[in-house]
Amino acid sequence: MTDHFDPTALQQSWPRPENPRPIVIFGAGSIVGDAHLPAYRQAGFPVAGIFDPDRQKAAALASAWGIPAFASQAEALSVPDAIFDLATPPAAHAAILSTLPIGAGALIQKPMGGDLAAATAILDICRDRQLKAAVNFQLRFAPMMLALRDAIAQGHLGKVVDFDAWLALATPWGLWPFLKGLPRIEIAMHSIHYLDLIRGLLGNPSGVHAKTIGHPNHDVAQTRTAAILDYGDSVRCVLSVNHDHDFGRRFQACEFRISGTEGAAYVKLGVNLDYPRGEPDELWIRPAGGSEWVEVPLQGAWFPDAFGNRMANLQRFVGGEDVELIGSVEDAWQTMALVEAAYQSSARPATAIAPLPGR
């Protein structure tokens with residue numbers, strides 16, 4: 001460890017609001033019980049209640065957590081000074097946002113609509129209703145990623161020149177039945193997190209080369225993706241994503257390697273390995289001037305801590321304590337534009353290889 005690098009001093013959490021507002025959750029799917037509610041309870045955020053058109057589903061989840069289940073959408077909307085947490089499928093976002101009080105705070109489950117046109121419609125609704133709205137790209141707020149960002153900002157890696165994302169694992173897509181029949185899955189619902197994180201670290205690429213495909217063993221639209229983000233001649237950024245490496249844990253992986261001109265970082269995203277039980281996250285840094293890799297002792301994990309940090313920034317922004325709303329709908333639209341470009345790239349023919357010339 002070098003004298004100037006203290007892994008315990010890196011930022012890993014977001015400051016909590018002084019006066020947290022009540023949270024109204026729309027949707028009672030698995031992500032609410034697995035991440036939203038545990039994170040909000042851990043952070044001390046009050047949850048006013050849950051609404052879902054499936055009243056029985058909402059009642060069961062609310063009962064398990066000792067919170068109210070709203071009898072109607074109108075009742076949910078009547079909570080004063082609430083932050084509205086839309087843990088709903090993308091097709092439901094626009095209709096709910098159109099009913100929120102003018103100027104309300106809102107957190108929208110990713111993706112921001114099913115495609116870029118839907119994202120644009122959502123952006124227009126949020127602008128028209130003056131909503132203080134963010135999209136729940138919460139990977140930016142995971143303890144390991146906050147620490148990574150802080151290490152980069154402090155110069156411990158020098159200038160970032162390489163970003164590699166490598167996933168080879170088995171994802172239980174059956175946990176999300178609403179995905180069945182959707183035309184866009186892997187990039188739109190999963191790798192979108194990585195694209196958003198990369199944008200947060202490196203800025204917007206000028207373009208993308210991508211191919212996303214399914215797998216013969218099931219009927220999910222896409223589960224495997226290869227992508228290159230174009231950052232010109234100085235930064236190489238590559239994603240290799242395979243959700244069908246279902247041959248036991250031994251050689252599975254879910255990791256990032258970030259290399260700079262002076263140092264490097266390794267990140268293990270543990271939650272995706274044996275999801276939803278997961279494994280511990282890891283962050284290792286070889287700092288500028290150092291000769292050894294240093295493990296950063298993490299204070300929490302992507303699930304559920306990132307959800308609490310994400311909500312904290314939104315709460316503080318609505319309350320005037322934070323000047324920047326990270327992952328605002330304006331910023332998230334640009335992630336959706338990158339996703340759209342990736343699908344367009346995948347749909348286009350690759351550059352043809354010249355045939356062997358005849359004699």
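The values are calculated or read from the model by the stated rules, or taken from the named source; none is laboratory data. Keep in mind it's a predicted model, so treat the numbers as computed, not measured. Note: accessible area is taken over every heavy atom of the protein model, side chains too, but ligands, DNA and RNA are not part of it. Shrake-Rupley method; radii C 1.70, N 1.55, O 1.52, S 1.80 Å.
Could you sort His156, His215 by accessible area so the largest value comes first, with the probe set to 1.4 Å?
Values: His156 10, His215 45 Å².
Output order, biggest surface exposure first: His215, His156.
Keeping all protein chains in the complex and leaving out DNA, RNA and ligands, what accessible area do you get for Lys159 with a 1.4 Å probe, in Å² to the nearest 10?
Counting only protein heavy atoms, the figure is 120 Å².
So, with a 1.4 angstrom probe, what is the percent of accessible area on the chain that is carbon and sulfur? Present the calculation step by step, with values, prior to reporting the outcome.
Working: 8570 of 15970 Å².
Answer for the chain is 54 percent, counting heavy atoms of protein chains only.
On a straight-distance basis, which lysines could pair with Lys159 in a cross-link, Cα separation under 27 angstrom, same-chain partners fewer than 8 positions away excluded?
Once the sequence-local lysines are set aside, what remains near Lys159 is Lys268.
Across region 276-286, in residue order, what do the Karplus-derived ³J(HN,Hα) couplings come to in whole Hz, using 6.51 cos²θ - 1.76 cosθ + 1.60 with θ = phi - 60° and x for Gly and Pro?
Karplus values, whole Hz, x for Gly and Pro: x, 5, x, 10, x, 5, 9, 9, 10, 10, 9.
Output the relative contact order of the chain, whole-number percent, from Cα pairs under 8 angstrom with separation of 6+ residues.
Numbers: 720 pairs, mean separation 80.4, N = 359.
Reported relative contact order: 22 percent.
How large is the Kirkwood hydrodynamic radius of region 169-326, in angstrom, based on all distinct alpha carbon pairs?
Numbers: mean 1/r = 0.0558 Å⁻¹.
When all Cα pairs of region 169-326 are included, the Kirkwood radius is 17.9 Å.
Quick one: what Rg and Dmax do you get for region 85-237 from the alpha carbons, in Å?
17.3, 47
For region 266-349, what is the relative contact order in percent, using Cα pairs closer than 8 Å and at least 6 residues apart in sequence? Write down the numbers at each step before the final one.
Numbers: 63 pairs, mean separation 12.5, N = 84.
15 percent.
Report ³J(HN,Hα) in whole Hz for each residue of region 259-272, in order, from the Karplus equation J = 6.51 cos²θ - 1.76 cosθ + 1.60 where θ = phi - 60°; Gly and Pro get x.
10, x, 6, 10, x, 8, 9, 10, 10, 10, 9, x, 4, 6
Just to be sure I understand: with springs between alpha-carbon atoms less than 10 Å apart, which residue in Ala227, Ala121, Ala265 has the highest mean-square fluctuation in the Gaussian network model of the chain?
Taking springs between Cα atoms under 10 Å, the residue moving most is Ala121.
Select from Tyr275, Tyr40, Tyr194 the residue whose mean-square fluctuation is largest in a Gaussian network model of the chain (Cα-Cα springs shorter than 10 Å).
In the Gaussian network model the winner is Tyr275.
Rank these by accessible area, largest first, 1.4 Å probe: Val296, Val208. List each step's numbers first, then the result.
Values: Val296 0, Val208 25 Å².
Putting Val296, Val208 in descending order of accessible area: Val208, Val296.
Leaving ligands, DNA and RNA out of it, rank Phe163, Phe317, Phe251 by accessible area with a 1.4 Å probe, largest first. Intermediate values should be presented prior to the final figure.
Working: Phe163 0, Phe317 55, Phe251 145 Å².
Solvent-accessible surface, decreasing: Phe251, Phe317, Phe163.
What whole-number value in Å² describes the accessible area per residue of the chain for a 1.4 Å probe? Show your work: numbers first, answer last.
Details: 15970 Å² over 359 residues.
Heavy-atom SASA per residue in the chain reads 44 Å².
Determine how large the accessible area of Leu325 is when every protein chain is in place; take a 1.4 Å probe and give Å² rounded to the nearest 10.
Counting only protein heavy atoms, Leu325 exposes about 20 Å² to solvent.
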